[in-house]
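Read the structure below first, then the notes.
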Amino acid sequence: MRRRTPPPPSPLPQRAGVDPVRVRLPAGDAWVTVRDHLVARLAAGAGVIDSMLDEGQIVDATGRPVPRDMEYVPGMYVWFHRELPDEERVPFAIDVVYQDEHVVVADKPHFLATTPRGSHVIETALARLRRELGIPALGAAHRLDRLTAGLVLFTVRPEERGAYQSLFSDRRVAKEYEAVARYDPELTLPITVRSRIVKERGVLAAREVEGEPNAVSRVELLDHRDGRARYRLTPRTGQTHQLRVHMSTLGVPILGDPLYPVVTDPVAAGDFRRPLQLLARALEFTDPFTGREHRFVSPRGLRAWSSYDEWAE
C-alpha cells in the first residue's frame, strides 16, 4: 500500500499553545487561485479572507505570504492562525501526575476540554500543558469529554503518538471511572450493559438504537448513603457518551448531566456549579516503548458524594 507523504512542518509558531490551521488544497480544477478556494472552503467570508491575505496572515510552506492572485496548485499547503475566541477561563488547575521522556499523564478538571475544538481553544488541557510544561509538540493520545474530570494521556514526541493512540483503539488500556448518581435498591449490580449507541453530528445527545451492540460497560456499586450511590464504571468500548448513556438507561443518570436523560438549557458562561459527577479514576497500560507497566489513579473526589449540599447549592 502506498504511504501518504507527510505534510511539511508548519512555518508558523504556535500561539498560546495552539497550532496554526493547516489547509491542503485538494485535487480539482474548480478554482483558479488559492484565494478562490479559501473563500469557498472556509466560513469566514470573502472580505475576511481578502483582509488576511492582504495582511500576510496566510503563508505557504516557506513562510511567505500568499498573495490574492497566487495560482491554485493541488496538493499545496497553506497555514494561518485562527482568530481565538474570547473564552471564559476555567478556574481549576490541571495536575500532572506523571511525566517522562515519552508521556505526560494529567488529571483534568471538570469543564476543561481536552483539545482545541469549537469555542474551546486556549482553555483546553492540551494548550494549557503546552504552555505550562514548555512542550510545544505535546499531543493527546485520547480525549475526555469537557464535562468529565480525570486522567488523560498525552504524548511528548509526535512520531510516537500513533503507538499510544493504538493502545486505546486496540483496547489495551484498562480504564476505570467513578460516578455519583441516585441509589436504586431495585437495581441488581454488578451488571454489564450492552447496546448500540449512535452519535450524529450536530446533535448534542447520543442515542441507543436497535442492532449489534457497539458499547459495553460494567457497572458496580461501591457505596451508598442518603439516597445517593457511588459507582465504579468500566467501559469495554469507547463510544461517545457511552457511560452517561448506559447509566441513564439503567434509570440512574449521573448527577449533573445536562444531556441524559433529557437535554437541558445550556448554563451561562462562567457558571461552574454542579459539575457532572463523572471521573476518569484510573488508567493502566504497558508502555509500548519502555515496556513499563503503568497504573495511574486520580486523587480527585466527586463533590456530590463528599459534600452534596455544597455541590447542589
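The values are calculated or read from the model by the stated rules, or taken from the named source; none is laboratory data. Note that the coordinates shown come from a computational prediction; the quantities given were computed from them, not determined experimentally. Counting neighbours? That spans all protein chains shown, and the Cβs are built from the backbone with ideal geometry, glycine included. The protein model used for the area step is the full one, side chains on, heavy atoms only, and it has no ligands, DNA or RNA in it. Shrake-Rupley method; radii C 1.70, N 1.55, O 1.52, S 1.80 Å.
From the list Glu87, Glu83, which one is under 20 Å from Arg22 (Cα atoms) and out of contact with any Lys or Arg (no Cβ under 7 Å at 6 or more places or on another chain)?
The conditions single out Glu83.
Count of the range 10-38 residues, restricted to those that are polar (S, T, N, Q) and either loosely packed, with under 12 Cβ neighbours inside 10 Å or under 19 Å from Gly75 (Cβ atoms) (or both), is 2.
Looking only at residues in the range 79-100 that are farther than 21 Å from Val267 by Cβ and of a type in the set (Asp, Glu), the one that is surrounded by the fewest Cβ atoms within 10 Å (Cβ to Cβ) is Glu83.
Screening the candidates Leu147, Leu153, Leu126, Leu167 for the property of being closer than 14 Å to Gly238 by Cβ and under 14 Å from the mean Cα position of the chain (by Cα) yields one hit, Leu153. Does His110 qualify as being open to solvent by less than 60 Å² (accessible area, probe 1.4 Å) and outside any loop (DSSP other than H, G, I, E, B)? No; evaluated as a whole, the condition is false for this residue.
Taking every residue in the range 8-32 that is farther than 19 Å from Arg117 by Cα and pairing it with any residue that is among the small types (Gly, Ala, Ser) and outside any loop (DSSP other than H, G, I, E, B), at least 6 positions away or on another chain, the pairs with Cβ-Cβ distances below 8 Å are Ala30/Ala40; Trp31/Ala40.
Would you check if Val198 is exposed (fewer than 12 other Cβ atoms within 10 Å of the Cβ), without any contact (Cβ under 8 Å) to a residue 24 or more places away in the chain and of a type in the set (A, V, I, L, M, F, W, C)?
Spelling it out, it is not the case that Val198 is exposed (fewer than 12 other Cβ atoms within 10 Å of the Cβ), without any contact (Cβ under 8 Å) to a residue 24 or more places away in the chain and of a type in the set (A, V, I, L, M, F, W, C).
So that you can scan it fast, the table gives a plain yes or no per residue for (1) touching a residue at least 60 places away in the same chain (Cβ under 8 Å); (2) on the phi > 0 side of the Ramachandran plot:
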| residue | (1), (2) |
| --- | --- |
| Glu55 | no, no |
| Phe80 | yes, no |
| Phe111 | yes, yes |
| Pro136 | yes, no |
| Ala141 | no, no |
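Of the strands (runs of 3 or more DSSP E) that lie entirely inside the range 1-102, those containing 1 or more residues that are of a type in the set (Asp, Glu) span 95-99. Screening the range 57-76 for residues that are crowded, with 16+ Cβ neighbours inside 10 Å and touching a residue at least 40 places away in the same chain (Cβ under 8 Å) and picking the one that is farthest from Pro13 (Cα to Cα) gives Tyr72.
With the requirement that a residue be surrounded by fewer than 17 Cβ atoms within 10 Å (Cβ to Cβ), under 21 Å from Glu284 (Cα atoms) and basic (Lys, Arg), what does the range 221-237 give you? Answer for the range 221-237, where residues must be surrounded by fewer than 17 Cβ atoms within 10 Å (Cβ to Cβ), under 21 Å from Glu284 (Cα atoms) and basic (Lys, Arg): just Arg236.
Taken over the range 129-147, the criterion of being surrounded by fewer than 17 Cβ atoms within 10 Å (Cβ to Cβ), among the hydrophobic types (A, V, I, L, M, F, W, C) and assigned to a helix (DSSP H, G or I) is satisfied by Leu133 alone. Look at the range 293-313: where a residue is without any contact (Cβ under 8 Å) to a residue 12 or more places away in the chain, no partner that is open to solvent by less than 30 Å² (accessible area, probe 1.4 Å) and of a type in the set (Lys, Arg) sits 6+ places away or on another chain with Cβ atoms under 7 Å. Looking at the structure I just gave you, is Gly118 open to solvent by 20 Å² or more (accessible area, probe 1.4 Å), within 30 Å of Asp36 (Cβ to Cβ) and under 15 Å from the mean Cα position of the chain (by Cα)? Yes, satisfied. Any residue that is at pLDDT 95 or above and either polar (S, T, N, Q) or within 17 Å of the chain's Cα centre (by Cα) (or both) - is there at least one of those in the range 178-185? Taking every residue of the range 178-185 in turn, none turns out to be at pLDDT 95 or above and either polar (S, T, N, Q) or within 17 Å of the chain's Cα centre (by Cα) (or both). Scanning the range 174-204 for residues being outside any loop (DSSP other than H, G, I, E, B), within 30 Å of Phe296 (Cβ to Cβ) and not charged (D, E, K, R) gives a total of 10.
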